[in-house]
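S.K.: After the structure tokens below, expect a handful of questions from me.
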Amino acid sequence: REEGLSCPAGIAEPLQAAGYSVEVVSRHPLVVSVWECRRHGACPEAEFGACAPGAAGRMCAVCALPDHYWSDTQAACVQCAGSGVEWKLVMAVFFLVAFCVGLYSISMTVGDEDMLTDPMELALSLSLLVFLGQSSSVYYKLDIPWEDPLKGILSLAASMSFSFDTLHLECLGVSDFARYTYGFLHTSLVTGFLLLLSFLLKRGLKYKDAYLRCWNSVGVLFNGFFIALVLHGLAPFIALHHPNGKHSPSRFPEAVLGTPEHVKWAVVGVLHLLLYGVGFLSYALFVCWQLRARARGGTARGIRAVLWHRFLFIKFKPSRYYWSLVMLLRVFVLATAPVLLREPHLQLTFTQIVLCASLGLQAYFWPYKNHWYNFADISALGALMSLTSAAMFFLHTDSSLDAKIILTTVSVFFIFCIVLFS
């Protein structure tokens, strides 16, 4: 039986299987091209090319009518009227502005001293929780046929990436490419808003530390949502592997790899990845290297120089000032698993190796000032390792056995190392 086809009893023509879309290339002889649908509910088991109500196009990826959007709960395209897309957009802008103002206000210094307030530490603690929660969103990008309730949990974790898809901007005539480009621009818009706020406070209210607060606010934002920024840049390269041998981005399945349509997505993705992913990672590396060089050379310029980058150091012991860089590298490597490796069992093995190594390093270096942060990080890594092990049971039988053997061997080895060095 060929993948994506369902053969009924008798000698009738085969049907397309649920979750697949079949295009007829030739009737005599019968030659078909099978595509795996990103929205499995949009492609029912039916005659070749059939789509769920209202859906159309290759892989049933779009709604046939312009005033409709896809609803996962109803498994159909529904009318935009009554969806409240305008109010959702207004509320999204309001909460974004409120978030920026709140983040900026708690970054204020105390009096004339160059010391950040305790609420800033609270914000950094919350960013740690968001940072750890977003790590689980990587699993939603892996080529694993998840089932409920894990599928629902991972979908919720993926929503922490703050995709514009939840706003249903297609009801306003915004294309998929435009929505993806907005995701590239909105981080710059938030940074620009904070800079404008700093300029007005510096000129109007004479806050001498306005730019210091702005820099730390932007740093907390990038540090907390780093994995979401990386995944957004990698989106054009996380591909669905179709039974017909072709590949397309899982988020934009209509843009088949190698076509001009995909090239424009890839260009935006590379720019986003270089600017926000590699750029912020390089910045963190430079700051840690500079701090180490000045400390060893006795050329440190005082507390104010450190305050400009305190969002990188505040959670960690002075001897572990570089640990923020380690965490950024961890999630950057994890996010590349769906891109570097095609086979699901290799993706999971790679992920488990990174998590086990991270757990061992965390237990050995114990980097946080607050012991509860250390326990929280270890618990989160342990939960992700358990999730990786559970994912093995969702793989197809042809690859799961080898994966379980490799995964068990790697896990035992690294756990042994943890016990040995801790």
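The values are calculated or read from the model by the stated rules, or taken from the named source; none is laboratory data. Since the model is a prediction, treat every value here as computed from it, not as a measurement. Neighbour counts run over all protein chains shown; Cβ positions are idealised from the backbone, glycine included. All accessible areas refer to the heavy atoms of the entire protein, side chains included, with ligands and DNA or RNA removed. Shrake-Rupley method; radii C 1.70, N 1.55, O 1.52, S 1.80 Å.
S.K.: Within the bounds of region 395-418, is there any residue that is open to solvent by 10 Å² or more (accessible area, probe 1.4 Å) and either at pLDDT 75 or above or touching a Phe, Trp or Tyr at 6+ places or on another chain (Cβ under 7 Å) (or both)?
M.R.: Looking through region 395-418, none of the residues is open to solvent by 10 Å² or more (accessible area, probe 1.4 Å) and either at pLDDT 75 or above or touching a Phe, Trp or Tyr at 6+ places or on another chain (Cβ under 7 Å) (or both).
S.K.: Here's something else I'd like to know. Please verify whether region 294-317 includes one or more residues that are surrounded by fewer than 21 Cβ atoms within 10 Å (Cβ to Cβ), in a helix (DSSP H, G or I), touching a His at 6+ places or on another chain (Cβ under 7 Å) and on the phi < 0 side of the Ramachandran plot.
M.R.: So far as region 294-317 goes, no, none of its residues is surrounded by fewer than 21 Cβ atoms within 10 Å (Cβ to Cβ), in a helix (DSSP H, G or I), touching a His at 6+ places or on another chain (Cβ under 7 Å) and on the phi < 0 side of the Ramachandran plot.
S.K.: Can you tell me which residue among S319, S250 is among the small types (G, A, S) and within 19 Å of the chain's Cα centre (by Cα)? It would help to see each step written out before you state the result.
M.R.: On the way: S319 fails: within 19 Å of the chain's Cα centre (by Cα).
So the residue among S319, S250 that is among the small types (G, A, S) and within 19 Å of the chain's Cα centre (by Cα) is S250.
S.K.: On to the next question. Applying the selection to region 239-273, what residues are open to solvent by 40 Å² or more (accessible area, probe 1.4 Å), in contact (Cβ under 8 Å) with a residue 12 or more places away in the chain and assigned to a helix (DSSP H, G or I)?
M.R.: K264, V270, L271
S.K.: Looking at region 318-357, which of its residues are open to solvent by 50 Å² or more (accessible area, probe 1.4 Å), of a type in the set (F, W, Y) and assigned to a loop (DSSP other than H, G, I, E, B)?
M.R.: Y322
S.K.: One residue is enough: does region 216-228 have a residue meeting the conditions of a type in the set (G, A, S), touching a helix residue (DSSP H, G or I) at 6+ places or on another chain (Cβ under 8 Å), touching a residue at least 60 places away in the same chain (Cβ under 8 Å) and outside any helix (DSSP H, G or I)?
M.R.: Of region 216-228, the ones of a type in the set (G, A, S) are 217, 219, 224, 228.
Retained after the next criterion (residues that are touching a helix residue (DSSP H, G or I) at 6+ places or on another chain (Cβ under 8 Å)): 217, 219, 224, 228.
Then keep just the ones that are touching a residue at least 60 places away in the same chain (Cβ under 8 Å); that gives 217, 219, 224, 228.
The next check asks that each one be outside any helix (DSSP H, G or I); those that pass are none.
Looking through region 216-228, none of the residues is of a type in the set (G, A, S), touching a helix residue (DSSP H, G or I) at 6+ places or on another chain (Cβ under 8 Å), touching a residue at least 60 places away in the same chain (Cβ under 8 Å) and outside any helix (DSSP H, G or I).
S.K.: Next up: Restricting attention to region 274-287, does a residue exist that is in contact (Cβ under 8 Å) with a residue 40 or more places away in the chain, aromatic (F, W, Y), assigned to a helix (DSSP H, G or I) and within 24 Å of V333 (Cα to Cα)?
M.R.: Yes, that holds for at least one residue.
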